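Q: Below is the structure I would like to discuss, written out as structure tokens.
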Amino acid sequence: MKRYLHVVISAALIIGAAGMIFFWELYLEDRLNTINVVVAAKSLEKNQQIKEGDVKVCRIRSEQAVDNPIRSVSEVMGKETSQYIAKGNQFVEEMVDRYGLEPNSDQLIYSIPKEWIYSSPGSLRRKDRVYIYAIPDEKRSTDGFSRQGNPQLMSFKSEGGGEGGTSEPILEYIVVAFAKDSANQEVKPAMNSDKRLDATGSISDLELVMTRKQYSLLQQKYLTGFRFNFAYK
């Protein structure tokens with residue numbers, strides 16, 4: 001009887017161990033070592049609104065996930081992309097425009113007059129983030145603005161900016177609320193596409209989302225003989 005009981009117990013332990021291995025491999029390992037991530041179901045252009053069918057949830061092994069992936073479709077649905085996203089790419093916070101054009105409590109939308117603009121890309125569009133460089137304005141040679149009479153401009157070259165402008169931006173990642181032409185119309189792609197190959201006009205004025213401190217910096221720079229070069233990526 002004891003011998004029979006030992007056989008039954010041994011068989012039960014073997015079956016139990018096999019069952020645990022089977023359960024681990026088919027269920028637990030998949031649950032413990034994988035996570036849900038949101039991926040692009042198709043390639044998405046920059047500033048494209050994310051709609052149903054544009055994204056999907058995939059379950060992948062944890063080691064294959066990017067750092068801090070977005071894990072729920074609800075976090076991105078209805079938002080706009082902040083960059084081009086290729087099909088199959090995992091979503092992270094930087095890819096989604098959660099900010100939009102609504103200023104924070106310490107921000108306003110400021111108009112940048114055309115007199116302040118040294119140059120800006122013709123492909124610049126609403127919701128782009130710009131880097132702003134200060135450029136000495138050689139044409140403004142009136143009293144108080146000439147290089148000879150302005151200590152800031154006289155020392156500009158020695159600060160590492162060179163004659164052509166600052167080597168580093170004075171402001172970074174500033175949101176463009178609107179890019180407008182001389183008729184106060186928003187500059188858009190001429191063919192209503194998402195591409196930047198053409199435009200409805202030339203950019204004359206920019207409206208930027210900034211804090212008062214950031215705007216005051218531009219204003220001070222302009223009043224001391226600089227204009228501004230706008231770049232984006």
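Q: Considering only segment 197-212, state which residues are modelled with pLDDT under 90 and within 16 Å of Tyr118 (Cα to Cα).
A: Within segment 197-212, the first condition is being modelled with pLDDT under 90, and the residues that meet it are 197-205.
Result: Ser202, Ile203, Ser204, Asp205.
Q: Kindly indicate whether any position in segment 159-166 is part of a strand (DSSP E or B), assigned by TED's automatic domain parsing to the domain that holds Thr211 and modelled with pLDDT under 90.
A: Restricting attention to segment 159-166, the residues satisfying the condition of being part of a strand (DSSP E or B) are none.
No, every residue in segment 159-166 fails to be part of a strand (DSSP E or B), assigned by TED's automatic domain parsing to the domain that holds Thr211 and modelled with pLDDT under 90.
Q: Residues that are within 30 Å of Asn184 (Cα to Cα), charged (D, E, K, R), modelled with pLDDT of 90 or more and not in a loop (DSSP other than H, G, I, E, B): does segment 76-90 have at least one?
A: The answer is no, given that none of the residues of segment 76-90 is within 30 Å of Asn184 (Cα to Cα), charged (D, E, K, R), modelled with pLDDT of 90 or more and not in a loop (DSSP other than H, G, I, E, B).
Q: Residue check: is Phe178 more than 18 Å from Pro121 (Cα to Cα) and either under 21 Å from the mean Cα position of the chain (by Cα) or modelled with pLDDT under 50 (or both)?
A: Values: more than 18 Å from Pro121 (Cα to Cα): no; either under 21 Å from the mean Cα position of the chain (by Cα) or modelled with pLDDT under 50 (or both): yes.
Judged against the criteria, Phe178 is not a match.
Q: So how many residues does segment 91-143 have that are modelled with pLDDT under 85, under 21 Å from Phe178 (Cα atoms) and of a type in the set (Ser, Thr, Tyr)?
A: Residues in segment 91-143 being modelled with pLDDT under 85, under 21 Å from Phe178 (Cα atoms) and of a type in the set (Ser, Thr, Tyr): 2 in total.
Q: Look through Ile50, Ile60, Ile70 and report the one residue that is aliphatic (A, V, I, L, M) and modelled with pLDDT under 90. Full working, then the answer.
A: On the way: Ile50 fails: modelled with pLDDT under 90; Ile70 fails: modelled with pLDDT under 90.
Just a single option satisfies the conditions, and that option is Ile60.
The values are calculated or read from the model by the stated rules, or taken from the named source; none is laboratory data. Quantities reported herein were computed from a predicted structural model and do not represent experimental measurements.
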